[in-house]
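The values are calculated or read from the model by the stated rules, or taken from the named source; none is laboratory data. All figures in this text were calculated on a predicted structure; none of them were measured in a lab. Positions of Cβ are backbone-derived with ideal geometry, glycine not excepted, and every protein chain shown enters the neighbour counts. Heads up: the accessible areas ignore ligands, DNA and RNA and are worked out on the full protein's heavy atoms, side chains in. Shrake-Rupley method; radii C 1.70, N 1.55, O 1.52, S 1.80 Å.
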Amino acid sequence: MKIETPDKMELISSKSYRLLQKLVQISRFVFISILILYLLFSLFSLIIKLFNFLSSSHYLLTFEEMREFLTDALFVLIVIDFISAMFYKKRIHYVLSLLEIGFIVITRKLILLSPVPENSFLIFVLTIASGLFFILIFYFYKVTGRIRRGD
């Protein structure tokens, strides 16, 4: 018994494939809309938090307040990077976005860690990991052509 697989063109031209493609496009649009709405609320919350910090401390922020604000700002940056990744067409740009998000997440974790001797090994490992992410980001920027030589 011989099993035949459908030709790729037959699969693409079938009604079920077009229906599934349309469903994915609609889901993607809804997901992007929800993320943009979430981003707007996050930015608004971040601005309010900055205003409250500055007004309550008379423009003299403590280390803890700056650290908290910076981690919140990095979270907003993660959301922005994720939204921008949803508009890319090439897979290599998705990889680059995931590397950027990973770098931001590791940096955020480093900022949240208390600088006590018990966390020294974790800080060391996360620093090495963030360095590797940084090198990979520059490599993929070069591969994608986003870094141009000044010839």
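Values computed for the structure shown
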| quantity | calculated |
| --- | --- |
| Charged-residue dipole, Cβ positions (Lys, Arg, Asp, Glu), the range 10-148 about Cα centre, Debye nearest 20 | 920 debye |
| FRET efficiency, 1/(1 + (r/R0)^6) with R0 35 Å, evaluated for TYR88 and LEU60 via beta carbons | 0.25 |
| Computed helical MRE - 222 nm, the chain, DSSP H runs ≥ 4 contributing -39500 (n - 2.57), nearest 500 | -28000 deg cm²/dmol |
| Solvent-accessible area, 1.4 Å probe, carbon plus sulfur percent, for the chain | 72 percent |
| q = 0.20 Å⁻¹: log10 I(q)/I(0) that the Debye formula gives for the chain, counting C-alpha atoms only | -1.24 |
| Rounded to whole Hz, the Karplus (6.51, -1.76, 1.60) HN-Hα couplings of the range 41-47, x for glycine and proline | 5, 5, 5, 4, 5, 5, 5 |
| Extension gain, SER16 back to ILE48 (0.36 nm per residue minus Cα-Cα distance, nm) | 6.7 nm |
| HN-Hα J in Hz across the range 116-123 - Karplus 6.51, -1.76, 1.60, θ = phi - 60°, x for Gly and Pro | 10, x, 5, 9, 4, 5, 5, 4 |
